[in-house]
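The values are calculated or read from the model by the stated rules, or taken from the named source; none is laboratory data. This is a predicted model, so every value here is computed, not measured. Using ideal geometry, Cβ is built from the backbone for each residue, glycine included, and neighbour counts are taken over all protein chains shown.
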Amino acid sequence: MLPKKTPAPEVFILKKGKTPNLVRGMKDILPVDWPWWNLVMNKVVSIASDFGFERIETPILEEQNLFVRSVGKDTDIIEKEMFVFTDRGGDNIALRPEGTASVVRAYLEHGFMSLPQPIKLFYLGPMFRYDRPQSGRYRQFWQFGFEIIGDGHPVVDAETVALGATILQELGLPVKVQINSVGDAASRIAYVKVLTEYLKSRKSQLCEDCKKRMLKNPMRVLDCKVETCQTLVQDAPAFLDHLSEEAKEHFTKVLEHLDDMEVVYDLNPRIVRGLDYYTHTAFEYIPADDVGTEKQQSALGGGGRYDGLVETFGGRPTPAIGFACGIERVIIQMKARGIQPPTPPRPDVFLAQLGDAARKKTLKLFREFRALGVKVAATFSKTSIKTQLEAANRLRAPFTLILGQKEMVDGTVLVRDMESGIQEVIDFSKAIPEIQKRIKKTNGDKIILNPEVK
Ligand code: HAM
């Protein structure tokens, strides 16, 4: 069936000569940023593999309803922050504000429930929230997230909390976990009742948004950032005092396991998280130095149990837990702590040439080096040896092979040691073994093979 036709959106054409702007709240990830991004991403991928998580990437676009049903219609994310549009077929689409709902959708859609449980998945990708842009808060930001679906044992809660802390710690960021329990459905009903009574009796001190939240979703008042609301919340009844016996027992066990694992945490009754799907354990990762300061509001990551979500989406009751961290925030913290990413790998050899015939010959040599797994670099379009040597220096190549007109006639090539500047003439046919010998001497027995070359 053909999609329903909707009128094509009006297209505004940028005036010639006007430089296009970056959309507010968005960020380019520039070449200078990538050493940090690679460091974080490689750490996530390697720890995921150590702990038996498999990668999943879901689309950036999902049906708007997926998030309304999971994150909750009365949350800030759904009410104010979601990027939504109607596509040309008339469907309501959202740019995903988070990853958990999509992972659960995929779990159901691909029949993961009939595989041995739990299913352990991780993802790395951009999320979108129409937030007020500021440092560490963007409208497009990246998360790495981990989800364990199909295991409700409290030790899994502790393992999940510890996993996030391990990743952050291994990236050089000591964190303190802030942890709370938001209980099961029965606890929530009991708690919401006492909380609403408390808030109603102090309604005049609430901000305008919280006056509405108090009626629609009173738990949201607990994470309101307005100062007067925060003061009020200090003395609000705590969820922990209203947990059902079952929820209390679950949480006690989680804390015991965390103690066994020597994970440092604070019990924090204000951690209710801005998403409605949470049950039982809810937690956030705060840089250890920020605990108790204003900066505590900018968590590096957070997560919790969401035992009802699979069922909300039409599946069998299935316990689940996970967390996600904001990559930009992690990198900001790493930079603030002076953490340096490793310098990018350097080529083993640079090829410089002068004249058309020499270029042809070096193009062939370039391919031969690559086939042998030698990391080789060149700037074939350049005709000046000086410019080519500058490029070799910039890339930190230890050696350059120079093939000029004289060498072409003699059947030789110059090997230049880039550090000492000493040049040696060798037979062209010896170029490859000579470079291999020198690489071996420089790198010791460590043979560096280009991973792209099998
Ligand atoms: P969240 O707390 O909404 O949880 O987001 C997780 C992390 O994403 C935050 O702690 C923060 O580092 C980062 N983040 C959120 N909004 C922004 C923003 N506007 N700019 C920069 N970074 C931001 C979730 O998204 C849940 N899905 C986590 C989860 C996974 N729960 C269970 N499984």
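Right, Thr343: away from the ligand (no atom under 16 Å from the Cβ), touching a residue at least 60 places away in the same chain (Cβ under 8 Å) and more than 19 Å from Gly136 (Cβ to Cβ) or not? So that I can check it myself, show each step before the final result.
Working: away from the ligand (no atom under 16 Å from the Cβ): yes; touching a residue at least 60 places away in the same chain (Cβ under 8 Å): yes; more than 19 Å from Gly136 (Cβ to Cβ): yes.
It is true that Thr343 is away from the ligand (no atom under 16 Å from the Cβ), touching a residue at least 60 places away in the same chain (Cβ under 8 Å) and more than 19 Å from Gly136 (Cβ to Cβ).
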* Structure fact -> The number of residues in the range 366-401 that are of a type in the set (Lys, Arg), in contact with a strand residue (DSSP E or B) (Cβ under 9 Å, 6 or more places away or on another chain) and closer than 17 Å to Leu354 by Cβ is 1
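Right, Arg213: in contact with a Ser or Thr (Cβ under 9 Å, 6 or more places away or on another chain), of a type in the set (Lys, Arg) and modelled with pLDDT under 90 or not? Working first, answer last.
Details: in contact with a Ser or Thr (Cβ under 9 Å, 6 or more places away or on another chain): no; of a type in the set (Lys, Arg): yes; modelled with pLDDT under 90: yes.
Judged against the criteria, Arg213 is not a match.
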* If Glu147 passes every condition in (1) touching a Leu at 6+ places or on another chain (Cβ under 8 Å); (2) not assigned by TED's automatic domain parsing to the domain that holds Tyr285 but one, which one does it miss? -> (2)
* Which residue, of Ala165, Ala190, Ala186, is out of contact with any His (no Cβ under 7 Å at 6 or more places or on another chain), among the hydrophobic types (A, V, I, L, M, F, W, C) and more than 14 Å from the ligand (Cβ to nearest atom)? -> Ala186
* Structure fact -> Residue hits (the range 166-184; closer than 19 Å to Lys253 by Cα and of a type in the set (A, V, I, L, M, F, W, C)) are Val177, Ile179, Val182
* **Residue, surrounded by the most Cβ atoms within 10 Å (Cβ to Cβ), within the range 337-364, restricted to residues that are under 22 Å from Lys441 (Cα atoms) and charged (D, E, K, R)** => Asp348
* Count of residues meeting criterion [surrounded by 13 or more Cβ atoms within 10 Å (Cβ to Cβ) and in a loop (DSSP other than H, G, I, E, B)] in the range 297-336 -> 10
* Among Arg316, Arg329, Arg305, Arg337, which is basic (Lys, Arg), in contact (Cβ under 8 Å) with a residue 12 or more places away in the chain and near the ligand (Cβ under 7 Å from one of its atoms)? -> Arg329
* Residue count for the range 234-290, restricted to those that are surrounded by fewer than 18 Cβ atoms within 10 Å (Cβ to Cβ), hydrophobic (A, V, I, L, M, F, W, C) and part of a strand (DSSP E or B) -> 1
* **Among the residues listed as Asp241, Asp259, Asp223, the single one being modelled with pLDDT of 90 or more and either within 24 Å of Asp74 (Cα to Cα) or more than 32 Å from the chain's Cα centre (by Cα) (or both)** => Asp241
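If we only count strands (runs of 3 or more DSSP E) wholly inside the range 74-176, which ones have 3 or more residues that are crowded, with 21+ Cβ neighbours inside 10 Å? So that I can check it myself, show each step before the final result.
On the way: elements: 83-86, 92-95, 119-128, 140-149.
Fully inside the range 74-176 and qualifying: 119-128, 140-149.
Please verify whether Thr160 is polar (S, T, N, Q) and modelled with pLDDT under 95, treating the condition exactly as stated. Explain how you work it out, then say what you get.
Numbers: polar (S, T, N, Q): yes; modelled with pLDDT under 95: no.
In short, no.
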* Would you please name the residue that is modelled with the lowest pLDDT, looking only at residues in the range 262-298 that are within 17 Å of Arg220 (Cα to Cα) and of a type in the set (A, V, I, L, M)? => Val272
* Structure fact -> Gly72 meets each of (1) on the phi > 0 side of the Ramachandran plot; (2) not aromatic (Phe, Trp, Tyr); (3) not assigned by TED's automatic domain parsing to the domain that holds Ala106 with one exception, condition (3)
